[in-house]
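The structure appears right after this line, and notes come after that.
The values are calculated or read from the model by the stated rules, or taken from the named source; none is laboratory data. Quick caveat, the model's predicted, so the values are computed rather than measured. When we count neighbours, we look across all protein chains shown, and the Cβ atoms used for this are built from the backbone with ideal geometry, even at glycine.
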Amino acid sequence: MLNKSNILYYLTLLLLGFLALRLLQLQVLDHQKYKTLARNNTSRTAISRAPRGTIYDRHGEIFASSKASLSVIVFPAALRKQADKESVAQILAEFIEINYEELLELFENMDPSTPLPIVLDNDIPVESAIKIYENKKSLPGIAVEKQATRYYPQGEIAAHMLGYVGQVSSEDLKAAKSRSLGLGDIVGKQGLEKVFDESLQGTKGEARVVVDRYGKSLYSGSEDRRIIKEPIKGQDLDLTIDAKLQRVAYEALGGKQGAAVALDPRNGEILALVSSPSFDPNIFTKPVPYKLYQELLDNKAFLNKTISAYTPGSIWKPISAIAALEHGVARANEVFEVSGSIDYAGFSFGDWTTKKGKMNLIDALAWSRDTYFYQFAKRMKADWIANIGEKFGVGKRTGLELLGESKGILPSPEWKKKTLREPWYPGNTLHYSIGQSYLLISPVQAARMMAGIANKGFLPQPHLVKDSSKEELEPIEGVSEASFAVIEEALKKCVRSGTGQASKLRKIQVAGKTGSAEVSGYEKSTHAWFAAYAPVKAPEIVVVVFMEGGGHGGSVAAPVAKRIFQKYFEK
């Protein structure tokens, strides 16, 4: 029979046994679980960005790389009160290149629930970093960290081609369904940086970091970090671009509205791709001041004119001449009277000069006489011109590795009826023959078109990234050798003694065509074009220059092309 002392004894044993089992569970069986919970109360897994892959030109010169820099970051959760935002903005503005108003606007637009820091300024001087550290008690939520920052050593000469990087947005995260992107990541925003972002990104690294209640690191150095996984650098990108030729093309445009494309007709490699005016992609490594952004926007600095479509004017005449030759409505030696204008179907169709004379097709192309083309265009069908244009790649995207490429417009009677709900009038064909009408092509398309003429019937695939699979030429069916011979003779004469003389080289023969396109909105001037290739006997390079509202192609665009040719043939 149990007495009270025995009952108390067994109850004590039972309680001790329960406590022992519970202790065994906590310290042995569930040890890892509670260790992880405890660790997560005082530390976080910090993701370290991998250095992005380097972008090189065809000779190994660097277009884009990553460099270590000191970055100022802010933890949004630490700046919830308006007074703190104002105070921090006031003090921090003394140490970095962002003024009080801009900092305050950034702080007020931050989401305080964002767990990761936001970069305020990159590549700050050591002196600024020291001042921020010395004032850390007055700068809650502000820290300085070493980060790999994207760097574009060539500056603005290739901005439209390269693009730039920036912090990932909510739209980026939605679009990246199959990728492990997170808040705070840096991604490509435009150009090649965006198109090849996934391969350039690399693989993130991981480390454990001791943090405070805001998730902010408690230490300024590396003593709080334990590396779990080292970051792996992104894949490099080798371009077909020649950086020296790119710079010459950019400088030759002189900051004016325009574009220049240099292409190797033998394999489609783009040697230079310049849109002007441009911008320095390095500005996007930190928040861009509104005033600067607006200035660039107003100056159309972000528009990539190399892949945008414009009225081509007379650089189109070789295409309409080929159409006329192939359909037997024009002959190389056929002579027409040229003058200031002709009348047709109740309308007057003007020429760029009132000078009168007699010319054959070769002379008319060399001197770009519109009234000659009007006369054989009266014998033509618009579809003939459209058909030849299509064979030379017009009216469709070239497939260049850039987003936003325009396919342009290759008009036809069917297109006009479907798009404008109007019939095709006889006068439309006359305008079409000289590159006016509804026709729109991009400088890259024009370079491909001219390459087809240079190759006498073989069309290259333009590309920016080294890729041997894109070097095969596409044959152009339905254009005879005789037609190509006539066109080439005219293009040689255009440079030798016609409207393209400003592109003439001393020792290298150039064949080319000028263009001056009349466009609504540019009544006082015209778009200036020049499309050419050299050397004539064995073409190595095609150059197309476009100057928006620049004036006459022969006096404005041809000299720019000459400088590009000169640089290329320096060797």
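Can you find even one residue in the stretch 366-389 that is outside any loop (DSSP other than H, G, I, E, B), surrounded by 23 or more Cβ atoms within 10 Å (Cβ to Cβ), acidic (Asp, Glu) and in contact (Cβ under 8 Å) with a residue 24 or more places away in the chain? Yes, some residue in the stretch 366-389 is outside any loop (DSSP other than H, G, I, E, B), surrounded by 23 or more Cβ atoms within 10 Å (Cβ to Cβ), acidic (Asp, Glu) and in contact (Cβ under 8 Å) with a residue 24 or more places away in the chain.
Taking the stated definitions as given, is residue 326 under 28 Å from residue 453 (Cβ atoms), touching a helix residue (DSSP H, G or I) at 6+ places or on another chain (Cβ under 8 Å) and among the acidic types (Asp, Glu)? It is true that residue 326 is under 28 Å from residue 453 (Cβ atoms), touching a helix residue (DSSP H, G or I) at 6+ places or on another chain (Cβ under 8 Å) and among the acidic types (Asp, Glu).
Evaluation of residue 503 against the conditions (1) within 33 Å of the chain's Cα centre (by Cα); (2) polar (S, T, N, Q); (3) farther than 15 Å from residue 534 by Cα shows that the sole unmet condition is (3). When the stretch 60-87 is examined, which residues are found to be more than 37 Å from the chain's Cα centre (by Cα), modelled with pLDDT of 85 or more and not in a loop (DSSP other than H, G, I, E, B)? 82, 83, 84, 86, 87 - these are the residues of the stretch 60-87 that are more than 37 Å from the chain's Cα centre (by Cα), modelled with pLDDT of 85 or more and not in a loop (DSSP other than H, G, I, E, B). Do we find that residue 44 is in contact with a strand residue (DSSP E or B) (Cβ under 8 Å, 6 or more places away or on another chain), outside any helix (DSSP H, G or I) and at pLDDT 95 or above in this structure? No. Here the stretch 494-539 is the region considered, the condition is being aliphatic (A, V, I, L, M), touching a helix residue (DSSP H, G or I) at 6+ places or on another chain (Cβ under 8 Å) and more than 26 Å from residue 438 (Cβ to Cβ), and the residue that is surrounded by the most Cβ atoms within 10 Å (Cβ to Cβ) is 495.
If I ask for residues that are assigned to a helix (DSSP H, G or I) and in contact with a Pro (Cβ under 8 Å, 6 or more places away or on another chain), which ones from the stretch 390-418 would you list?
Keep residues of the stretch 390-418 that are assigned to a helix (DSSP H, G or I), which gives 390-391, 413-418.
Result: 413, 416, 417.
Taking residue 482 as the residue in question, decide whether it is more than 16 Å from residue 533 (Cα to Cα), assigned to a helix (DSSP H, G or I) and either touching a Leu at 6+ places or on another chain (Cβ under 8 Å) or not small (Gly, Ala, Ser) (or both). Judged against the criteria, residue 482 is a match. Are any of the residues in the stretch 251-259 surrounded by fewer than 24 Cβ atoms within 10 Å (Cβ to Cβ), among the charged types (D, E, K, R) and either closer than 20 Å to residue 192 by Cβ or within 15 Å of the chain's Cα centre (by Cα) (or both)? Within the stretch 251-259 (the criterion being surrounded by fewer than 24 Cβ atoms within 10 Å (Cβ to Cβ), among the charged types (D, E, K, R) and either closer than 20 Å to residue 192 by Cβ or within 15 Å of the chain's Cα centre (by Cα) (or both)), the answer is no, since none of the residues qualifies.
Of everything in the stretch 133-158 that is touching a strand residue (DSSP E or B) at 6+ places or on another chain (Cβ under 8 Å) and of a type in the set (Gly, Ala, Ser), the residue that is nearest to residue 82 (Cα to Cα) is 141. The listed residues are 323, 272, 330, and the only one of them that is small (Gly, Ala, Ser) and over 25 Å from residue 518 (Cβ atoms) turns out to be 272. Filtering 91, 98 for residues that are within 23 Å of residue 167 (Cα to Cα) and not aromatic (Phe, Trp, Tyr) leaves a single hit, 98. Considering only the stretch 255-308, how many residues are in contact (Cβ under 8 Å) with a residue 24 or more places away in the chain, aliphatic (A, V, I, L, M) and either closer than 23 Å to residue 440 by Cα or part of a loop (DSSP other than H, G, I, E, B) (or both)? Selection size over the stretch 255-308: 12. With respect to the conditions (1) at pLDDT below 95; (2) surrounded by fewer than 18 Cβ atoms within 10 Å (Cβ to Cβ), residue 437 lacks only one, and its number is (2). Going residue by residue through the stretch 470-490, is there one that turns out to be within 27 Å of residue 327 (Cα to Cα) and under 28 Å from the mean Cα position of the chain (by Cα)? Yes, the conditions are met somewhere in the stretch 470-490. Against the definition (within 23 Å of residue 364 (Cα to Cα) and in contact with a His (Cβ under 8 Å, 6 or more places away or on another chain)), how does residue 433 come out, yes or no? Considered against the rule, which asks whether it is within 23 Å of residue 364 (Cα to Cα) and in contact with a His (Cβ under 8 Å, 6 or more places away or on another chain), residue 433 comes out as no.
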